[in-house]
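Report on the following structure.
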Amino acid sequence: MSRWDSAAMKRLGQVAADLHEVGVVTQVATLARSTWSTNLERHEPELGDTPLLLGLQCAENLAQRVHRHYRALRPAPGSHGPASGTTAVTVSFVERALIVKAAGVELQLRKAPAGGGLVPDWAAMSHADGVHRLAAADANSLAYRPEASDQDGRPSTLPSEDALWPLGDAGALRQVSLVWAGTEDGARTSGWLGFPSSGDIPWFAVQPLWWDEAGQDPGSRRRESSRTSDGFADRPAPTPVLRPRTQPRESEGA
């Protein structure tokens, strides 16, 4: 038995290659590194900032930045052809969830929980915390129902099970999640691609997309001094500038 379904893993490898080819992986990785580094720099635990707040801020910022990047590449109104690089990727917000359509799949961005390092805890990452995440997992589980999987714990699909029949073509998987993680150690990030699944096993397959090594410049490097003695709470209060009030000049002959 294997940790991931081998047929889904093969399909995922092709999807990852296609997303690399159209530039989605490179663009998201670049923006994720910048977003993580910038938010770490302004993260102030002494003022009440928490890892949860940091994660939510990063998730929202990255979604907005990816959306703005691709929307900015749209063809101008009245033009006769698409702008360069826009034919393969479309983005939209559906009830606050960013949906990226590219390479024949629908992709959702997801920030891994803080404190887990660069390798997310896949077994603990439920999809029930988001309507569209759950819908994506359900769609995959309806599209791909192998009669026998080599994934650990994956149950067989029998014709009598909930009136469903086996569907063993992993090529039908269309919903993917790009999960990214960050660590305060050098402001490093990692990115992962996965096919979400409903039920007790939340993923059909997962594979890495990028991994920042120690000492690698993440793009917008965090200043260590700002995390020790240059926080907002430690900065000196501004000194007011006082000037004597000038009396209005009396008009001549008054």
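Details
- Every listed requirement among (1) modelled with pLDDT of 95 or more; (2) part of a helix (DSSP H, G or I); (3) buried (at least 20 other Cβ atoms within 10 Å of the Cβ) is met by residue 34 save one, (3).
- Filter pass, residue 53 being modelled with pLDDT of 95 or more and closer than 26 Å to residue 184 by Cα: no
- Against the criterion of being of a type in the set (Val, Ile, Thr) and within 20 Å of residue 28 (Cβ to Cβ), residue 131 does not qualify.
- Residue within the stretch 88-96 that is modelled with pLDDT of 90 or more, in contact with an Asp or Glu (Cβ under 9 Å, 6 or more places away or on another chain) and crowded, with 19+ Cβ neighbours inside 10 Å present: no
- Taking every residue in the stretch 17-41 that is without any contact (Cβ under 8 Å) to a residue 24 or more places away in the chain and pairing it with any residue that is open to solvent by less than 40 Å² (accessible area, probe 1.4 Å) and assigned to a helix (DSSP H, G or I), at least 6 positions away or on another chain, the pairs with Cβ-Cβ distances below 7 Å are 39/54; 39/58; 39/61.
- Every residue from the stretch 41-57 that is assigned to a helix (DSSP H, G or I), surrounded by 13 or more Cβ atoms within 10 Å (Cβ to Cβ) and of a type outside the set (Gly, Ala, Ser): 41, 51, 53, 54, 56, 57
- Check on residue 157, among the hydroxyl-bearing types (Ser, Thr, Tyr), open to solvent by less than 60 Å² (accessible area, probe 1.4 Å), under 23 Å from residue 109 (Cβ atoms) and at pLDDT 70 or above: no
The values are calculated or read from the model by the stated rules, or taken from the named source; none is laboratory data. Note that the structure is predicted; figures quoted are calculated from it, not measured. Glycine also receives a Cβ, built like all others from the backbone with ideal geometry; neighbour counts cover every protein chain displayed. Heavy atoms of the whole protein, side chains included, go into the accessibility calculation; ligands, DNA and RNA do not. Shrake-Rupley method; radii C 1.70, N 1.55, O 1.52, S 1.80 Å.
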